[in-house]
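Read through the structure below, which is laid out as structure tokens, and then see the notes.
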Amino acid sequence: MAQGLKTTSMDAIAKRAGVSKQTLYSHFKNKDDLFSAVLRWKMNQHQFSDEAPIEFSGDLETDLNLFGQHFIGLLVDPEACAMFRSVIGESPNYPRVSRLFYENGPQRIREILRAYLAEQGVQDPEFHAGLFTGALNGELHMSAMMNLDEVPPRRELNQYVARVVKVFLPLFREKRAT
């Protein structure tokens with residue numbers, strides 16, 4: 001990703017990984033498949049995948065905090081930020097990578113929250129999932145993307161999430177379908 005997906009060859013990837021090109025192709029048909037696998041791996045690290053899903057308890061406040069902590073962790077993850085910066089840089093010349101990133105990242109994450117909010121009876125869960133993730137995807141993410149500051153300690157990130165949850169909790173409870 002450091003060289004850009006479009007300009008990086010499967011030969012270069014195989015060399016960097018210390019495997020043969022044949023081995024690489026035995027696992028991935030092309031760079032798009034490889035990129036998708038890397039995205040899924042990163043989502044899995046933050047429990048935004050089918051392989052390692054967030055285990056919700058059913059308590060709205062607890063679960064929003066849990067989701068938010070995983071999400072903010074991803075937003076400030078240095079590898080995830082580097083990947084996002086690379087995708088943005090590639091997007092004008094290689095829009096397919098943007099689509100892959102969007103579908104495997106932001107869209108998947110919002111869908112997890114949308115499904116949870118729907119289970120909780122929150123009206124218009126798609127809108128509210130976007131609103132909640134948008135609130136978390138703010139200054140901390142921008143700072144991490146631009147390498148402006150050190151990533152705050154986990155305790156501070158969790159406090160930030162808790163404050164956002166406190167803002168949204170009354171709205172979500174009020175918007176429950178009757």
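The values are calculated or read from the model by the stated rules, or taken from the named source; none is laboratory data. A quick note: this is a predicted structure, and the numbers were derived from the prediction, not measured. With ideal geometry, Cβ positions are generated from the backbone for all residues, glycine too; neighbour counts draw on all protein chains shown.
Please tell me if F84 is under 16 Å from A144 (Cβ atoms) and of a type in the set (F, W, Y). Criteria met by F84.
Out of the residues in the range 122-176 that are in a loop (DSSP other than H, G, I, E, B) and of a type in the set (S, T, N, Q), state the one that is surrounded by the most Cβ atoms within 10 Å (Cβ to Cβ).
Checked the range 122-176; the qualifying residue surrounded by the most Cβ atoms within 10 Å (Cβ to Cβ) is N137.
Being assigned to a helix (DSSP H, G or I), of a type in the set (K, R), crowded, with 18+ Cβ neighbours inside 10 Å and without any contact (Cβ under 8 Å) to a residue 40 or more places away in the chain holds for only one residue in R99, R114, and it is R114. None of A144, A162 is touching a residue at least 12 places away in the same chain (Cβ under 8 Å) and over 18 Å from the mean Cα position of the chain (by Cα) except A162.
Screening the range 32-56 for residues that are at pLDDT below 75 and surrounded by fewer than 13 Cβ atoms within 10 Å (Cβ to Cβ) and picking the one that is nearest to A80 (Cα to Cα) gives W41.
Selection of the range 11-30 for residues being assigned to a loop (DSSP other than H, G, I, E, B), exposed (fewer than 13 other Cβ atoms within 10 Å of the Cβ) and not small (G, A, S) yields K29, N30.
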